[in-house]
Amino acid sequence: MDFSPVFQLNLVELELSKPLVFNKANDTLNVFPTIQKESRRYIEELGLYHKQKVETFVTIGGYDWTNAEKTYELWDNTSATFGVGLLKTYSFMDPTSTQYQITSNLEITQPINNWLSAFANAQYVSNPVYKFNKNNGSLFYGNPLFMQTETMISIRAQYNNAKLDIGFRSIYGSQKQSFKPINMLNTKMTIDF
């Protein structure tokens with residue numbers, strides 16, 4: 001499997017119910033540097049895409065996600081993509097924190113014109129099916145850096161290999177620790193090379 005380089009910049013990730021967290025020493029927003037690899041391969045015999053994403057947050061941890069997706073054309077160029085996957089999440093702070101979870105996702109996309117489209121996305125992340133340390137209180141639950149059970153409604157502008165997404169994202173607590181949904185304004189820019 002080959003990985004294609006991707007540059008991704010999360011321009012704004014703002015929780016709407018709380019103020020931004022700034023570093024008081026120099027009044028700058030705290031940022032976590034990330035390393036990301038992403039690949040997508042079409043398996044013609046099955047008529048689906050195999051997607052793999054590896055994201056590492058320097059000094060925190062990361063995740064490896066493998067997903068199988070199938071896209072259906074609905075009406076008027078509207079498409080729906082269904083997916084099922086396996087997620088491995090880990091932390092550098094605690095080597096026993098590695099856990100495996102099942103994921104499922106649905107995305108509906110409606111093109112507005114040749115460069116602008118609207119989409120809605122829903123994703124479910126199960127309780128861990130396997131955890132190395134059964135007693136650890138994990139930093140993964142509710143953390144917007146890691147994959148969560150969530151919904152998103154966005155507008156996507158695309159020009160050649162560059163995409164800009166602007167929309168609203170809500171994270172829900174599907175794991176054992178339940179919490180009030182976290183609502184954010186989410187802006188992401190992606191450039192494929």
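The values are calculated or read from the model by the stated rules, or taken from the named source; none is laboratory data. Not measured: the values here are computed from a predicted model. No Cβ is skipped: glycine too gets one built from the backbone with ideal geometry, and neighbour counts run over all protein chains shown. Calculation scope for accessible area: heavy atoms of the full protein, side chains included, ligands and nucleic acids excluded. Shrake-Rupley method; radii C 1.70, N 1.55, O 1.52, S 1.80 Å.
Only one of the numbered conditions (1) under 20 Å from F168 (Cα atoms); (2) open to solvent by 70 Å² or more (accessible area, probe 1.4 Å); (3) under 15 Å from the mean Cα position of the chain (by Cα) is not met by I102, and that is (1).
Rundown of residues vs (1) modelled with pLDDT of 90 or more; (2) open to solvent by less than 30 Å² (accessible area, probe 1.4 Å), yes/no style:
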{"site": "N133", "(1), (2)": "no, no"}
{"site": "N136", "(1), (2)": "no, yes"}
{"site": "F140", "(1), (2)": "no, yes"}
{"site": "N143", "(1), (2)": "no, no"}
{"site": "E150", "(1), (2)": "yes, yes"}
{"site": "Q158", "(1), (2)": "yes, no"}
{"site": "R169", "(1), (2)": "no, yes"}
{"site": "Q175", "(1), (2)": "no, yes"}
{"site": "M189", "(1), (2)": "no, no"}
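All of (1) out of contact with any His (no Cβ under 7 Å at 6 or more places or on another chain); (2) of a type outside the set (D, E, K, R); (3) surrounded by 15 or more Cβ atoms within 10 Å (Cβ to Cβ) hold for F82 with one exception: (3).
Across segment 118-131, the number of residues qualifying as surrounded by fewer than 18 Cβ atoms within 10 Å (Cβ to Cβ), of a type outside the set (A, V, I, L, M) and part of a loop (DSSP other than H, G, I, E, B) comes to 2.
Residue count for segment 93-117, restricted to those that are at pLDDT below 90 and in a strand (DSSP E or B): 1.
Might you let me know whether segment 43-62 holds any residue that is surrounded by 16 or more Cβ atoms within 10 Å (Cβ to Cβ), more than 13 Å from the chain's Cα centre (by Cα) and closer than 16 Å to Q123 by Cα? Looking for residues that are surrounded by 16 or more Cβ atoms within 10 Å (Cβ to Cβ), more than 13 Å from the chain's Cα centre (by Cα) and closer than 16 Å to Q123 by Cα, one finds none in segment 43-62, hence no. Here W115 meets each of (1) surrounded by 15 or more Cβ atoms within 10 Å (Cβ to Cβ); (2) in contact (Cβ under 8 Å) with a residue 40 or more places away in the chain with one exception, condition (1). Residue-level check: of (1) open to solvent by 20 Å² or more (accessible area, probe 1.4 Å); (2) in contact (Cβ under 8 Å) with a residue 24 or more places away in the chain, T71 misses just (2).
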